[in-house]
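The values are calculated or read from the model by the stated rules, or taken from the named source; none is laboratory data. Remember, predicted model here, so these are calculated numbers, not experimental data. Neighbour counts are summed over all protein chains in view; Cβ atoms, including those assigned to glycine, are modelled from backbone coordinates with ideal geometry.
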Amino acid sequence: MDTSHLSEHAGTAAALFASVFVVATSTMRTMIPLRIFGILSNLVVIGLAIPSRGYLVIVVQSLVLVLNSYRLHQMLQLVRDVKRSVNSDLSMEWLKPFMTERKYIAGEVLFYKDEKAEDMLYIVSGRFRLVESGIELPVGAIVGELGMLSPSKGRTQTLECVEAGMILSVSYSKVEELYVQNPAFGFYFLRLATARLFENIANLEQRLAQQAPPAPISAAANPA
Amino acid sequence: MRSILSSIRYLLSDFIGEDDDAPPFLPEGLPDAVVPEVSEGIHLLMDYQGPGYAQLYVDRLQRFVGRRGVDSAMLGEIARLMALRMGYEDPIRIAQLRLAEFERAAGDPRAPSAEVMLLKFRFDELIGALPAAVAQPVLDLLDWMGWTHRPVSIRFSTKSRWGIRRLKIEASLRRWRRFSVRYTKERAWVERWLHMIGRSLDKQPKAAAVIVQSATMIQGYGDGYRQGLADWHALIDGLVKPTFDGVLPLADLGAAITEARAAAMPDPRQIALKRSIAEIRARALAAGANAAAG
């Protein structure tokens, strides 16, 4: 009995089945569902290519499967970390995988007061000082996290390197990209930024309360 | 249909330019007397880079509008000199200017005939005009070979069709100018200059006009540009910053800057300038010590 027409129909049905997943993937609006449907599409196409021994398709789809899985993992980890941060120490360490390294030598100025802010910085090593206030920032401090949300986007102080060190930086456009791609991240990022803002206000209020008699102006800061 | 085209244009904006080419508004509260300079600056930077860059110019200028100690004359000078510095002359700009000249001359039969312009840049200046991702490995390699400061002659010709095509390709690199190594350095310079003007207004208002004019030390391209830049930094690091930091008791900073600038020669080792700065510093420290003792 000739069964070639049956296998032909089965092939068409399988291609249709795979197309449903490919179309469904394209209709996703945000990154996590897009990746999940991308992975499902990859699995379906690989499964359908095995009987027909389409090795090239299997290899290409396997590579895309690995990429989709890695990106999904990265995205889920980001949401989990930022959510954890909101509920614990308000740290911004979860941004580290998206940051790039920069080295600075003593005397170099990272940015000036009033300059338009375009990136967020994380101090990895060395000593850095906010020159107008004279405050030295500890290793692990984040600079410019609120600038992204401020209307003027201007730096409020000058940051100078006092002792050679390393900084990780991420541009606001990159954070915006994460925000737009992933609504869950966006929501928790806003909560985190607001919490940090309230924390700053509380610190200022505390400092104000401690300055009961007006304190003399501290040693002159030396802006660059 | 229009919205679809607009989306496609936005997607490709890095390659085909910005969709919105409307110039930015003038800074709020700008005195009428300064409007011509600022409008000219905006026009220059729109042509140089685009509306986003012109907006950055307006934002920078806004810091000085209505500030105590800044009159219309000083604001006009800040606006004029900042536009000149933000429109720095890199090989892309020279290509833009040559093309504009050629297009103007094309409609005017009395215009001088096309010519070949041969300009000398340095390797780092030439490569620095490219996006950092491309330029940095090349600069590292040049540095390793010891060729970073080597002069290199570049032809800007409108004589042949190939020359004009080449100018167009070079001018089109302006899309990536803001990602270049040179842009990062120029941005830091402009911010430092504005920062010093701001500090002068707070600490030595009389010297502010002289610091504004210090921008004229940096002009052109090639060795002349590098020399001016090095002299400017020597002046700021040797006299201006220490005075503002309270380390150097210079009563008349403006006069000191003028004196040191007069000593600056076209000398890469900056012998005369450094000597002059050292003398001014020694005088100021001695005068400070006498005042403290007496």
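Matching residues to (1) within 18 Å of B:Ala209 (Cβ to Cβ); (2) assigned to a helix (DSSP H, G or I):
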| position | (1), (2) |
| --- | --- |
| B:Arg226 | no, yes |
| B:Ala230 | no, yes |
| B:Phe244 | yes, yes |
| B:Ala251 | yes, no |
| B:Arg261 | yes, yes |
| B:Asp267 | no, no |
| B:Ala272 | no, yes |
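Looking at the stretch B:135-158, can you tell me whether even one residue there is closer than 25 Å to B:Glu40 by Cα and of a type in the set (Lys, Arg)? No: the stretch B:135-158 contains no residue that is closer than 25 Å to B:Glu40 by Cα and of a type in the set (Lys, Arg). The set of residues from the stretch A:171-189 being crowded, with 18+ Cβ neighbours inside 10 Å and within 8 Å of the chain's Cα centre (by Cα) comprises A:Val175, A:Leu178. Taking A:Gly154 as the residue in question, decide whether it is within 14 Å of another protein chain (Cβ to nearest Cβ) and over 22 Å from B:Lys185 (Cα atoms). Taking the combined requirement at face value, the residue does not satisfy it.
On the basis of being of a type in the set (Asp, Glu) and part of a helix (DSSP H, G or I), does A:Asp114 make the cut? The answer is no for A:Asp114.
Of all residues in the stretch B:274-286, none satisfies being farther than 30 Å from B:Ala83 by Cα, over 23 Å from the mean Cα position of the chain (by Cα) and not in a helix (DSSP H, G or I). The residues of the stretch B:38-56 that are of a type in the set (Ser, Thr, Tyr) and away from chain A (no Cβ under 14 Å), listed by number, are B:Ser39, B:Tyr48. When every residue of the stretch B:234-254 is checked against the conditions, at least one turns out to be within 22 Å of A:Gly107 (Cα to Cα) and either touching a strand residue (DSSP E or B) at 6+ places or on another chain (Cβ under 7 Å) or aromatic (Phe, Trp, Tyr) (or both). Evaluate the following for A:Lys83: is it in contact (Cβ under 8 Å) with a residue 40 or more places away in the chain and touching a strand residue (DSSP E or B) at 6+ places or on another chain (Cβ under 8 Å)? Criteria not met by A:Lys83. If we keep just the residues of the stretch A:103-133 that are among the small types (Gly, Ala, Ser) and more than 12 Å from chain B (Cβ to nearest Cβ), which is nearest to B:Val190 (Cα to Cα)? Only one residue tops the list, namely A:Ala106. Reported count of residues in the stretch B:132-151, each being touching a residue at least 12 places away in the same chain (Cβ under 8 Å), over 24 Å from the mean Cα position of the chain (by Cα) and farther than 27 Å from B:Arg175 by Cβ, is 1.
Note on the stretch B:166-194: among residues that are in contact with a strand residue (DSSP E or B) (Cβ under 8 Å, 6 or more places away or on another chain) and facing another protein chain (nearest Cβ under 10 Å), the one that is nearest to B:Ile257 (Cα to Cα) is B:Arg192. Which one is farthest from A:Ile105 (Cα to Cα) among residues in the stretch A:154-168 that are without any contact (Cβ under 8 Å) to a residue 60 or more places away in the chain and in contact with a strand residue (DSSP E or B) (Cβ under 7 Å, 6 or more places away or on another chain)? Looking at the filtered set, the residue picked out is A:Gly154.
Of the residues B:Tyr88, B:Tyr57, which is part of a helix (DSSP H, G or I), aromatic (Phe, Trp, Tyr) and crowded, with 20+ Cβ neighbours inside 10 Å? From the options B:Tyr88, B:Tyr57, the qualifying one is B:Tyr57. The listed residues are A:Ser91, A:Ser69, and the only one of them that is surrounded by fewer than 20 Cβ atoms within 10 Å (Cβ to Cβ), closer than 30 Å to A:Ala13 by Cα and either at pLDDT below 85 or polar (S, T, N, Q) (or both) turns out to be A:Ser69.
In the stretch B:47-59, the residues that are more than 14 Å from B:Leu26 (Cα to Cα) form Cβ pairs under 8 Å with partners that are at pLDDT 95 or above and in a helix (DSSP H, G or I), at six or more places apart or across chains, as follows: B:Tyr48/B:Met86. Any residue in the stretch B:188-210 that is under 15 Å from B:Ile94 (Cα atoms), surrounded by fewer than 16 Cβ atoms within 10 Å (Cβ to Cβ) and at pLDDT below 95? No, the stretch B:188-210 contains no residue that is under 15 Å from B:Ile94 (Cα atoms), surrounded by fewer than 16 Cβ atoms within 10 Å (Cβ to Cβ) and at pLDDT below 95. Here's a check for you: in the stretch A:110-127, which residue that is over 22 Å from A:Ser173 (Cα atoms) and in contact with an Asp or Glu (Cβ under 7 Å, 6 or more places away or on another chain) is surrounded by the most Cβ atoms within 10 Å (Cβ to Cβ)? Once the filter is applied, the top-ranked residue is A:Gly126.
Pairs are defined by a Cβ separation below 6 Å, a sequence spacing of at least 6 or placement on different chains, a first member in the stretch A:100-124 that is within 17 Å of B:His233 (Cβ to Cβ), and a second member that is of a type in the set (Ser, Thr, Tyr); the pairs so defined are A:Tyr112/A:Thr158.
Look at (1) under 24 Å from A:Gln181 (Cβ atoms); (2) modelled with pLDDT under 85 and you find that A:Asp2 fails only one, number (1).
B:Ala251 satisfies every condition listed in (1) more than 14 Å from chain A (Cβ to nearest Cβ); (2) in contact with a helix residue (DSSP H, G or I) (Cβ under 6 Å, 6 or more places away or on another chain); (3) surrounded by fewer than 21 Cβ atoms within 10 Å (Cβ to Cβ) except (2). Of all residues in the stretch B:171-182, one or more are at pLDDT 90 or above and over 29 Å from B:Leu235 (Cβ atoms).
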